[in-house]
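Since every read-out is calculated from the coordinates, none of them should be taken as a lab result. Keep in mind the model is a prediction, meaning the values are calculated, not measured. Here the Cβ positions follow ideal geometry from the backbone for every residue, glycine too, while neighbour counts run over all protein chains shown.
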Amino acid sequence: MTTINQKTSSASGVIKFAVLGCGHIGKRHAEMITLNKEAELVALCDAYPKENLGIEKYNVPFFNSIDELLNSNIAIDVVTICTPNGLHAEHSIKALEKKYHVVCEKPMGLTKANCEKIIFKALQVSRNFFCVMQNRYSPPSVWIKEIVDQKVLGEIFMVQLNCYWNRDDRYYKKGGWKGTQELDGGTLFTQFSHFIDIMYWLFGDITNIQAKFKDFTHQNSTDFEDSGFVNFDFINGGMGCINYSTAVATQNLESSITIIGEKGSVKIGGQYMNEVEVCNINGYKMPKLAEANPPNDYGVYKGSAANHHFIIENVIDTIKGRTTATTNALEGLKVVEIIERIYALRDKSVMK
């Protein structure tokens, strides 16, 4: 099979994508691929029958297993992993073993050990591994990254991350993978890893973690907690907390980050961390930001920002040598490791 270096050595080369997993996110990836002039959707794959997936508009070969896909004779450059969380590591490694680049939806895996295996394999076969953390592209996220990196806020004292969402029986359907320990992994992995990524991206690693957890409304629909309070210190200085829940009635309430610094305070809020609500910094004038994209709309519930077109653009630009990955594999691993350390405290306690 032709390698990516052979097929895309010129700037005009088209990058060929196969999408593994045809749920809401998988279809989102497929759509963004077809809309990009430098990309081509060449295959779709899902364990469910094709006629049940709503993918009739995509006139490409369809496979019912990753092994069928990878053993086909289709020319592929990139495999996009949109399967249940607990399968991400296994599927990523299989695609890398075939020497394809990999784009993986969050989380990269459910354990640090599995993430390390992915990184080792990617280095071994000299292929790129891209973690999907699309919230980094939202205008408020781009702006606050610049503010923090340029030390406009001075020394960081406190950071509060609030994530209050609705996920009820409309989301956790019987017989599905969501809510299971093996394939979902937990609320922080599935719902809020995007926001933990933003926190890590801005302020680095954490230590001295303390936490408490509750399961208010999901005893019959999930294997894990729906709510938690987590506090910690940042290794780089300052202290922080994550307050989260999927027990909010009716609809999502808030996703916000509040930063208290030496020279001022900032809060980015709204339902999806998409609005600058407070900017009070000594001697600083808030610039006008571009309008944020709306959240991904899944009908009865909504997710994080609809920025997946930026992901596809970054993958193509990186493969063609024009830029580097927005979220690299090591950053993806660190988010998983932070969640794993938080959940180690949960697993030692008894939720009441």
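Quick notes
- Span from the segment 169-214 Cα centroid across to the segment 111-146 one, whole angstrom: 17
- Only helices enter this figure: runs of n ≥ 4 DSSP H residues, each worth -39500 (n - 2.57), summed and divided by the residues of the chain, yield -8500 deg cm²/dmol at 222 nm to the nearest 500.
- Length gained on full extension, Thr250 to Lys178: 24.0 nm, using 0.36 nm per residue less the C-alpha separation.
- Relative contact order, percent, the chain [alpha-carbon distance under 8 Å, six or more residues apart]: 18
- Nearest-ten-degree value, helix 329-348 long axis tilted from longest Cα axis of the chain: 60
- With distances taken between every two different alpha-carbon atoms, the chain has a Kirkwood hydrodynamic radius of 21.0 Å.
- Over segment 135-303, relative contact order from alpha-carbon pairs under 8 Å, at least 6 apart, %: 30
- Nearest-ten-degree value, helix 193-203 long axis tilted from longest Cα axis of the chain: 60
- Computed E for Phe157/Glu90 - FRET, C-beta separation, R0 45 angstrom, nearest 0.05: 0.60
- Residue among Asn36, Asn252, Asn71 with the largest mean-square fluctuation in a Gaussian network model of the chain, springs linking Cα atoms under 10 Å: Asn71
- Cα-based radius of gyration of segment 176-295 once divided by 2.2 N^0.38 Å, which approximates compact folds: 1.21
- Full extension of the chain between Asn208 and Ala290 gives 25.8 nm of extra length, using 0.36 nm per residue less the Cα-Cα distance.
- Cleavage-rule hits (trypsin sites (Lys or Arg not before Pro)) in segment 137-234: DSSP loop, at most 10 neighbouring Cβ within 10 angstrom: Lys174
- Modelled spin-label separation between Asn52 and Gln150, with each label point placed 7 Å from Cα along the Cα-to-Cβ direction: 5.3 nm.
- Degrees between helix 139-149 axis and first principal axis of the chain (Cα, 0 to 90, nearest 10): 60
- Viscosity 1.567 mPa s, temperature 4 °C, Stokes-Einstein D of segment 4-131 from Kirkwood C-alpha radius, µm²/s: 88
- Comparing Cys115, Cys45, Cys279 in a Gaussian network model of the chain (Cα springs below 10 Å), the most mobile by mean-square fluctuation is Cys279.
- Segment 162-222 - percent relative contact order, Cα under 8 Å, separation 6 or more: 45
- Each principal axis of segment 109-253 carries a Cα extent, and these read 47, 41, 31 Å when sorted largest first.
- Net length available on complete extension from Glu262 to Lys37 is 76.4 nm, with 0.36 nm assigned per residue and the Cα-Cα distance removed.
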